[in-house]
Amino acid sequence: MTVDRVFYIYMAIVGLATGVVLARYPAVHEFFIKPYFWIMIAIALFDGAVFLMSRHAPWEMLTTNARLIGFGIGIALMVLLPWLAGTSVGYL
């Protein structure tokens, strides 16, 4: 399995977890670190782990397209779950 696919699965899990937290506790969106920053922090953590584990090999790093697709997956799931749960959460 490539690093990109592992990253997409990881971002789906992060998006689902963030969405569940927002659906269960809607007031969390007023926390001083906004939920979409949680997604960005998760991307940075994954990217840092890949960088350290690949021993700085450039072919092992994520591409910009992979990062953007992963960010989109995370944000989409973060928005979709509270919407399906019927909670009103202000995102931006």
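Where a number appears in this text, it was derived from the coordinates with a stated rule and is not lab data. The shown structure was predicted, so the numbers you read here are calculated from the model rather than taken from an experiment.
Residue by residue, the stretch 21-26 carries 3J(HN,Hα) couplings of 4, 5, 6, 6, 10, x Hz when phi is fed to the Karplus relation 6.51 cos²θ - 1.76 cosθ + 1.60 (θ = phi - 60°); x denotes Gly or Pro. In the distance distribution for the stretch 3-85, Cα-Cα pairs more than 18 Å apart total 42 percent. Subtracting the Cα-Cα distance of I13 and S88 from 0.36 nm times their residue separation leaves 24.8 nm of extension gain.
Here the Gaussian network model covers the chain, with springs between Cα atoms less than 10 Å apart; of L16, L45, L80, L45 fluctuates the most.
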